[in-house]
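The values are calculated or read from the model by the stated rules, or taken from the named source; none is laboratory data. Keep in mind that this is a model prediction, so the values were computed, not measured. Virtual Cβ from ideal backbone geometry, glycine too; neighbours counted across all protein chains shown.
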Amino acid sequence: MDRVDLGLRANWRQFSLLVVVNAFVGAMVGLERTVLPVLAEVEFGLASRTAILSFIATFGLTKALANLAAGRLGDRYGRKSVLVAGWVFGLPVPLLIMWAPTWGWIVAANILLGINQGLAWSSTVIMKIDLVGPKQRGLAMGLNESAGYLAVSASALGSGYLAATYGMRPEPFYLGVAFAVAGLLLSVFFVRESRHHAEQEARDFEIHGQDNGRDQAHDEVLEHDLSFRDIFVLTSWKNRTLFATSQAGLVNNLNDGMAWGLFPIYFAALGLPIDRIGVLAALYPGVWGLGQLVTGALSDRVGRKPLIVSGMWLQAVGISILLIGSEFQFLAAAMALLGLGTAFVYPTLLAVIGDVAHPSWRGTSVGVYRLWRDGGYVVGALLAGGLADAFGIDWAIGAIAGLTALSGLVALVTMKETLHS
């Protein structure tokens, strides 16, 4: 096989296309961030917070399992086919939400949305890691996650505006039809397979003995093909650095699930109208998305661990501030701080996986990490909903702020730095 060039400059056309595709992936989930929690109360009459957050739990469980499948299938059969399959599952989602006669239809739509997000977003992550090689992973993940979450923000803002102007259904979800069709067409006709780039990096690794910060305790296994069970165990807890990464990802999405499901209800209880709720729902992923343009590349210079630990603690502070004041400007500052902390963490965790995992099984390891990370949506939805029903929303917010701070401490104690110049 002819050698292929690795690096962002050598592959900028495909990389840029994948950034656009991932923006459409993010926009699909952004449609729900403003409208659905309020829709559950207003139109479907749900009073239980746990019942309202059921759509997030369903989404998170399905996405977590789809992430796991995406990594393994991408290693075996290629990344592009997984990406295209993800878009096929995404096509019915906005239509189901537009015309849902019962809340069960919304939950069913989120099963499909979880498969869409798991297959499509995982594929774009893995393909970008493939293309750039070992030297610019932080930058690559920053650009990927920035595009996705800026699109989440713009979509949340747009759906909030349409809901305030025309009503909560069906107009806001017309956007979703356009996003799904555009993402599918780009993926089918313009995206190219990237698995041969990973194979090139694996050959380089074997020839030159590259060390990208891999845990020395596992050198004897990281250079060889592993079974799925071995990769799962290694990524989940056997490798201390990968364990720290997986738990931080889980807690990050645990608090994101709360932000998605409880914050719009909390803001509505404070008396904010739907358009103001839309601004707050967009501000958090907007800062998250913009921040990653800087933080991903920054982790390539200063290291992964400082950004991960400080980012988890910034998130905890941002969540806690919400409990102090109710003025819009105060709430906006808290959401911005939560977004900044998430920007520190999100691309950096993925870069750690790329640093540690061998190219031959990197896709599977990414899938295992994303299984744990998006499992946080399930834990967060059930935990936040249960605490809110039992003790009130304030208690739920405070408890999850505490868990987020604890996760930062776990990362501080257990994680090794994986960036080596």
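The residues on offer are PHE173, PHE89, and the sole one that is farther than 23 Å from TRP361 by Cα, in contact (Cβ under 8 Å) with a residue 12 or more places away in the chain, touching a Pro at 6+ places or on another chain (Cβ under 7 Å) and in a helix (DSSP H, G or I) is PHE173. Pairing residues of the stretch 129-150 that are touching a residue at least 60 places away in the same chain (Cβ under 8 Å) and under 12 Å from VAL25 (Cα atoms) with residues that are surrounded by 24 or more Cβ atoms within 10 Å (Cβ to Cβ) and among the basic types (Lys, Arg), at Cβ distances under 9 Å and at least 6 apart in sequence or on separate chains, gives ASN144/LYS128. In the stretch 74-86, the qualifying residues are those that are modelled with pLDDT of 90 or more and either among the polar types (S, T, N, Q) or within 12 Å of THR364 (Cα to Cα) (or both), and the one that is surrounded by the most Cβ atoms within 10 Å (Cβ to Cβ) is ARG79.
At least 1 residues being over 24 Å from LEU403 (Cα atoms) and touching a residue at least 12 places away in the same chain (Cβ under 8 Å) is the threshold, and among the helices (runs of 4 or more DSSP H) wholly inside the stretch 226-319 those reaching it are 228-233, 263-269, 274-302. Total residues in the stretch 320-344 satisfying the condition of being part of a helix (DSSP H, G or I) and among the β-branched types (Val, Ile, Thr): the figure is 2. Could you please give the count of residues in the stretch 67-120 that are farther than 26 Å from VAL42 by Cβ, among the small types (Gly, Ala, Ser) and more than 21 Å from the chain's Cα centre (by Cα)? Residues meeting the conditions: 1.
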